[in-house]
Every structure is written in C-alpha cells, then in structure tokens.
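What follows is a single structure, written as structure tokens, with notes after it.
The values are calculated or read from the model by the stated rules, or taken from the named source; none is laboratory data. All figures in this text were calculated on a predicted structure; none of them were measured in a lab. All Cβ positions, even for glycine, are placed from backbone atoms using ideal geometry, and neighbour counts span all protein chains on display. Keep in mind that these areas ignore ligands, DNA and RNA; they rest on the heavy atoms of the full protein, side chains included. Shrake-Rupley method; radii C 1.70, N 1.55, O 1.52, S 1.80 Å.
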Amino acid sequence: MHHFTYRDHQLYAEDVAVKDIAARVGTPVYVYSAATLRRHFRVFDEAFAGADHLICFAMKALSNLSILKLFGSMGSGFDIVSVGELMRCLRAGADPKKIVFSGVGKRDEEIAAALEAGILMFNVESRPELDRIAEVARQRKVKAPVSLRVNPDLDPGTHPHISTGHRTSKFGIPLSQVFQYYAQARALPDLELVGLSTHIGSQITDTGPFIEAGEKLAAIVRKLRSDGIALRYLDIGGGLGIPYQEEPPPPAEYAAAILKPLTGLGVKIIAEPGRVLVGNAGILVTRVLYVKETDVKRFIVVDGAMNDLIRPVLYEAYHAIWPVHKPAADRPSVIADVVGPVCESGDFFAQERELPQVQRDDLLAVMSAGAYGFVMASNYNSRARSPEVLVDGTRMHVIRERDSFEDLVRGEKLVELGS
Ligand code: LLP
C-alpha cells in the first residue's frame with residue numbers, strides 16, 4: 001500500500017502532483033510520501049503488538065534526517081552500522097536507549113562513540129570484536145551491553161548479494177561456536193551479556209526461512225537459560241521483502257510466523273526492518289532526454305542514472321516504471337530499455353520493458369525506490385546527487401537539496417605541481 005496514485009491521468013504523491021514537484025526542484029528527484037511511511041511503521045509495529053517488542057528501523061535503507069525524525073516520533077529505535085549513522089540518528093532526536101549497533105567491522109572510535117552515547121546494545125559478530133569492545137569499555141570504565149549475532153546457516157532464498165544467513169557468509173557467529181562465545185563473553189567483566197541476534201538476508205518473500213531462524217534462536221535462548229545466562233533481548237534482524245514484482249507475506253503474517261517459535265521465552269523482541277518500512281514510500285522521478293532507436297533496440301534515455309539508483313544492475317532488481325502523465329489506454333506501447341547518461345552498459349533502470357510511448361520531456365517514475373535508493377547514490381561521472389522531497393498531504397518539503405558543483409569538489413585541493 002502506498003500513496004502514489006493517478007488522478008485524472010496525473011501521478012500524485014498524496015495530494016501533490018508529481019509534475020509540480022519536478023517543475024519546482026528539477027529532475028532527477030526522489031519523492032517520499034509521509035503518509036506511506038507512517039502507515040508502514042504502524043502496520044509493522046501493530047503486527048508485533050502481541051509481544052513485548054521494539055522496532056529499530058535499519059536506517060541504512062533511508063537515512064535522511066527528516067525521515068529518521070518521523071520514525072523516531074512514532075517510537076522507533078534505530079539499527080545502525082557506523083558512527084555516521086549514530087550521529088545522524090542522534091541529530092534527528094533518536095533515543096540512544098533504542099539504538100542497536102550492527103556490522104562486522106566496528107572501529108575503536110565507533111565503539112567508543114556508541115558507548116559514550118549509551119546505546120542499547122552492540123550486535124557482535126566475532127571473537128576479536130568481542131575483545132575490542134571489552135577493551136574499549138574497560139578504558140572508559142563502563143560496561144558494554146552486547147548481544148551475539150548468530151549465523152543460523154540457512155538459505156533465505158534471495159539474491160546472493162543480500163543473503164547473509166548461510167554459513168559461508170561473513171556475517172554472524174557459527175552455530176557450532178555460539179555457546180563457547182557466550183561462555184567467553186561471560187568471563188569478560190567489561191561486558192554485559194544482554195541478547196542474541198540474527199539477520200538472515202534481505203528482500204525475503206517467504207516466511208519459511210524466518211521460522212527456521214526463529215526455531216534455532218529459541219533453542220539457543222533456552223539452552224543459555226539452563227546454563228545460567230538469562231538474556232533480555234532477542235533481535236530477529238530485518239529482511240521482509242516488498243512487492244517489487246514478487247508477493248511477500250504481509251507484516252502480520254510475517255510477525256505471526258516468526259513469533260510462534262519465540263513465545264514464552266521471556267525476552268523482548270527487537271526487529272530491524274529497513275526496506276519494508278520505506279521501499280514503497282519513495283519514487284525516483286526522471287525526465288526523458290532522448291528516444292534512441294537502433295536496428296535492434298529502442299532506448300529511452302532519461303536524466304536519472306545508475307549513480308542515482310544502482311539496484312537494477314547490482315542486484316538484477318526489478319522496479320516498476322510508471323509514466324507521470326498516464327496516456328489514454330489505447331495509446332500503443334513499446335518495448336524499450338530505460339537507460340541513463342552514465343558511461344557504462346550497466347546504467348539502466350529497466351531492460352526490454354513494455355512501456356507507453358514517450359517523448360522528450362515526459363516524466364517517468366521509477367517505483368519502489370525508497371529503500372537503498374538515495375542512500376546508495378554516488379557522484380560517479382561528477383553527477384550531482386538528486387534532491388529528496390517529502391510530501392505530507394498537500395505540502396511538499398525539500399528535505400535535501402541537490403548537490404551543487406561546490407559539493408562535488410568539496411575537500412579537493414588544486415596543488416601546484418611541476419609539469
Ligand atoms: N539488520 C541488519 C543487520 C542488516 O544488515 C540489514 C540490511 C537490515 C537489518 C535491514 O534489512 P531489510 O529489512 O532492509 O531487508 N542494498 C541492498 C540491501 C542490503 C541490505 C543490507 N542489510 C538492496 O538494495 O537490496
């Protein structure tokens with residue numbers, strides 16, 4: 001469910017015409033819908049209502065300050081993976097006691113900054129990381145709250161680049177070593193053992209892998225309890241998919257499936273959803289520059305590119321493309337590749353896609369671009385990153401300006417060198 005709909009053939013973001021946004025801020029531009037963000041958070045949160053729980057939005061999916069503030073105001077915590085994300089969510093008013101710090105490569109400064117902020121817990125992924133966190137905590141004379149991230153060794157059935165729960169992946173502690181880790185962590189006086197975590201992958205469209213992970217986690221929590229280690233938190237990670245093309249289970253079905261094996265454990269459930277909260281709440285609006293026809297292909301060349309949205313080439317991802325002005329139903333369609341100006345063959349939003357005929361200056365909306373869209377944008381080809389606009393009812397707010405040329409060269413020096 002989202003709030004991008006046609007009214008009289010014009011695409012609207014809530015009550016604002018997308019063409020008006022494009023006219024005001026130019027293209028390409030990311031447009032988000034506040035009503036959709038609120039709705040997604042509420043539906044996800046309500047799905048877990050039967051359990052003591054905390055939602056920690058995986059802010060890597062979309063980290064604009066205004067979006068973080070909106071989620072924070074609804075009671076969300078945050079799953080962070082860097083000191084940059086820590087500072088961002090604190091700037092947006094996050095409650096440090098609702099922040100969990102994930103990731104395999106935390107630096108000492110990052111650990112120190114998180115301890116200083118007083119976060120809820122670190123999700124720890126290896127023995128050397130456990131030792132570093134203990135050492136940084138000892139130096140600062142505090143106890144570090146830690147949760148061990150286990151790798152449940154299963155196949156989440158998603159794209160290999162976003163699959164994390166198999167034993168060959170760099171993530172998590174192997175099942176075979178997890179009790180040994182807890183025993184070792186218990187012996188370190190600068191740590192407080194508070195939880196068990198996992199995250200098996202992203203864009204998962206079936207409840208099976210979540211249930212399998214839940215059953216494995218529940219067995220670990222029970223065994224630890226019988227060994228005298230009573231955990232407070234069980235962090236189930238994120239990973240629920242969205243309907244790019246597939247039909248994932250709705251949040252209520254997902255939550256019911258994953259909670260079933262976890263009932264009666266006496267732990268607070270932490271969930272780290274990213275994509276499912278923001279994916280369908282954002283679109284990338286781009287303008288047609290040229291329609292190029294060769295003997296064998298038709299290319300719609302648009303002003304957005306892989307530097308704006310890299311998902312199609314990186315994950316073979318499908319994003320629906322909608323015309324901002326919907327033509328009459330009898331207008332003939334064409335088969336075309338939608339490509340950008342970047343000098344790479346991988347610079348496309350769609351290949352061999354059936355679309356309505358378009359011409360120069362027409363606007364297209366790349367749908368479901370709210371998650372891992374803007375946050376993965378780069379300045380490749382010295383292209384400015386797009387502005388971000390948040391629509392709320394009849395109002396539009398520019399929540400990030402387009403990069404200026406000075407932004408592109410910020411920090412660079414023109415040094416004097418002999419030729
Ligand atoms: N928790 C942890 C520890 C994670 O690593 C991730 C995502 C999440 C939660 C949130 O997962 P989600 O609910 O969004 O599936 N750039 C890729 C996705 C990378 C996901 C990385 N980790 C894409 O565009 O598909």
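Can you pull out every residue in region 255-269 that is within 16 Å of the ligand (Cβ to nearest atom) and either open to solvent by 10 Å² or more (accessible area, probe 1.4 Å) or part of a strand (DSSP E or B) (or both)?
Filtering region 255-269 down to residues within 16 Å of the ligand (Cβ to nearest atom) leaves 255, 257-258, 269.
257, 269 - these are the residues of region 255-269 that are within 16 Å of the ligand (Cβ to nearest atom) and either open to solvent by 10 Å² or more (accessible area, probe 1.4 Å) or part of a strand (DSSP E or B) (or both).
Would you confirm, using the coordinates I've provided, whether residue 248 is out of contact with any Lys or Arg (no Cβ under 9 Å at 6 or more places or on another chain) and open to solvent by 10 Å² or more (accessible area, probe 1.4 Å)? First the steps, then the outcome.
On the way: out of contact with any Lys or Arg (no Cβ under 9 Å at 6 or more places or on another chain): yes; open to solvent by 10 Å² or more (accessible area, probe 1.4 Å): yes.
Yes; evaluated as a whole, the condition is true for this residue.
Scan region 123-165 for residues that are open to solvent by 70 Å² or more (accessible area, probe 1.4 Å) and either within 14 Å of the ligand (Cβ to nearest atom) or among the aromatic types (Phe, Trp, Tyr) (or both) and report the count.
Qualifying residue count for the region: 2.
Could you say whether any residue in region 145-164 is in contact (Cβ under 8 Å) with a residue 60 or more places away in the chain, under 30 Å from residue 49 (Cβ atoms), of a type in the set (A, V, I, L, M) and in a helix (DSSP H, G or I)?
Within region 145-164, one or more residues are in contact (Cβ under 8 Å) with a residue 60 or more places away in the chain, under 30 Å from residue 49 (Cβ atoms), of a type in the set (A, V, I, L, M) and in a helix (DSSP H, G or I).
Looking at region 166-177, which of its residues are away from the ligand (no atom under 12 Å from the Cβ) and not in a helix (DSSP H, G or I)? Please lay out each step first, then the result.
Step one: of region 166-177, the residues away from the ligand (no atom under 12 Å from the Cβ) are 166-168, 173-177.
166, 167, 168, 173, 174 - these are the residues of region 166-177 that are away from the ligand (no atom under 12 Å from the Cβ) and not in a helix (DSSP H, G or I).
From the set of residues in region 270-328 that are basic (Lys, Arg) and within 18 Å of residue 11 (Cα to Cα), which is farthest from the ligand (Cβ to nearest atom)?
In the first step, residues of region 270-328 are kept if they are basic (Lys, Arg); the result is 275, 287, 292, 297-298, 311, 326.
Still in the list and also within 18 Å of residue 11 (Cα to Cα): 287, 326.
Values: 287: 24, 326: 27 Å.
Among residues in region 270-328 that are basic (Lys, Arg) and within 18 Å of residue 11 (Cα to Cα), the one farthest from the ligand (Cβ to nearest atom) is 326.
Can you pull out the residues in region 42-89 that are closer than 17 Å to residue 115 by Cα and open to solvent by 10 Å² or more (accessible area, probe 1.4 Å)? Give the derivation first.
Of the residues in region 42-89, the ones closer than 17 Å to residue 115 by Cα are 77-89.
Listed by number, the residues that qualify are 81, 82, 83, 84, 85, 87, 88.
Check whether at least one residue in region 90-99 is assigned to a loop (DSSP other than H, G, I, E, B), farther than 20 Å from residue 377 by Cβ and open to solvent by 20 Å² or more (accessible area, probe 1.4 Å), and report yes or no. Step through it out loud before you land on a result.
Start the filter on region 90-99 by keeping residues that are assigned to a loop (DSSP other than H, G, I, E, B), which leaves 92-95.
When the remaining residues are screened for being farther than 20 Å from residue 377 by Cβ, the result is 93-95.
Keeping just the survivors that are open to solvent by 20 Å² or more (accessible area, probe 1.4 Å) gives 93, 95.
Yes, region 90-99 contains at least one residue that is assigned to a loop (DSSP other than H, G, I, E, B), farther than 20 Å from residue 377 by Cβ and open to solvent by 20 Å² or more (accessible area, probe 1.4 Å).
Restrict the check to region 65-83 and report whether at least one residue is within 16 Å of the ligand (Cβ to nearest atom), without any contact (Cβ under 8 Å) to a residue 12 or more places away in the chain and out of contact with any His (no Cβ under 6 Å at 6 or more places or on another chain).
Scanning region 65-83 turns up no residue that is within 16 Å of the ligand (Cβ to nearest atom), without any contact (Cβ under 8 Å) to a residue 12 or more places away in the chain and out of contact with any His (no Cβ under 6 Å at 6 or more places or on another chain).
If I ask for residues that are in contact (Cβ under 8 Å) with a residue 60 or more places away in the chain, farther than 15 Å from residue 163 by Cα and either of a type in the set (A, V, I, L, M) or not in a helix (DSSP H, G or I) (or both), which ones from region 197-221 would you list?
Those that are in contact (Cβ under 8 Å) with a residue 60 or more places away in the chain, farther than 15 Å from residue 163 by Cα and either of a type in the set (A, V, I, L, M) or not in a helix (DSSP H, G or I) (or both): 197, 217, 220.
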